[in-house]
1. Please enumerate the residues belonging to the range 68-80 that are surrounded by fewer than 13 Cβ atoms within 10 Å (Cβ to Cβ) and charged (D, E, K, R).
2. I need a count of the residues in the range 59-74 that are under 27 Å from GLN21 (Cα atoms), touching a residue at least 24 places away in the same chain (Cβ under 8 Å) and of a type outside the set (Lys, Arg).
3. Just name the residue that is surrounded by the fewest Cβ atoms within 10 Å (Cβ to Cβ) out of those in the range 1-13 that are under 20 Å from PHE31 (Cα atoms) and basic (Lys, Arg).
4. Here is a check on your reading of the model: is ASP86 loosely packed, with under 12 Cβ neighbours inside 10 Å, out of contact with any His (no Cβ under 7 Å at 6 or more places or on another chain) and either in contact (Cβ under 8 Å) with a residue 60 or more places away in the chain or not in a loop (DSSP other than H, G, I, E, B) (or both)?
5. Is there a residue in the range 23-30 that is of a type in the set (Ser, Thr, Tyr) and crowded, with 16+ Cβ neighbours inside 10 Å?
6. Need pairs with beta-carbon distance below 9 Å; first residue at pLDDT below 95 and within the range 1-23, second in a loop (DSSP other than H, G, I, E, B) and surrounded by fewer than 16 Cβ atoms within 10 Å (Cβ to Cβ); sequence gap 6+ or separate chains.
7. Pairs, please: C-beta under 8 Å, at least 6 apart or cross-chain, first residue within 12 Å of LEU89 (Cβ to Cβ) and surrounded by 10 or more Cβ atoms within 10 Å (Cβ to Cβ) and in the range 38-51, second among the hydroxyl-bearing types (Ser, Thr, Tyr) and modelled with pLDDT under 95?
Amino acid sequence: MIFRRSQRFKKAYKSLPKRVQEKTAKAFILFRDNPAHPSLGVKKIQGHDDIWEGRIDNKYRFTFHYEKDQETATTVCVFRYIDNHDECLKNP
């Protein structure tokens with residue numbers, strides 16, 4: 001699987017506190033190795049057929065979706081946004 005970050009995700013990530021950025025790095029290693037890892041709490045976002053959320057910690061969430069790379073037909077995971085729980089889920 002290929003992982004990509006949207007421009008919106010990159011901008012939001014840069015504005016996170018350093019400790020949350022460090023937690024995010026650890027969470028994404030777990031995600032890469034096992035997207036269904038229980039500590040990530042991955043689930044579909046209600047009202048959106050193809051957008052998922054994952055947990056960084058009790059406060060912070062990230063959103064993502066899957067798509068196919070046009071050239072290779074490889075699955076691509078696109079990280080869409082990262083922020084506190086409420087803000088992240090308002091506009092995933």
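1. Once the filter is applied, which keeps residues that are surrounded by fewer than 13 Cβ atoms within 10 Å (Cβ to Cβ) and charged (D, E, K, R), the range 68-80 yields LYS68, ASP69, GLU71.
2. Residues meeting the conditions: 3.
3. LYS10
4. yes
5. Our first condition is that a residue be of a type in the set (Ser, Thr, Tyr); within the range 23-30, this holds for 24.
Next, only the ones that are crowded, with 16+ Cβ neighbours inside 10 Å stay: 24.
Yes, some residue in the range 23-30 is of a type in the set (Ser, Thr, Tyr) and crowded, with 16+ Cβ neighbours inside 10 Å.
6. Matching pairs, first to second residue: MET1/PRO35; MET1/THR74; ILE2/ASP69; ILE2/THR72; ILE2/THR74.
7. Partner pairs satisfying both residue conditions: none exist.
The values are calculated or read from the model by the stated rules, or taken from the named source; none is laboratory data. Predicted, not measured: the structure shown is a model, and the values here were computed from it. FYI the Cβ positions are ideal-geometry reconstructions off the backbone, even for glycines, and counts take in every protein chain you see.
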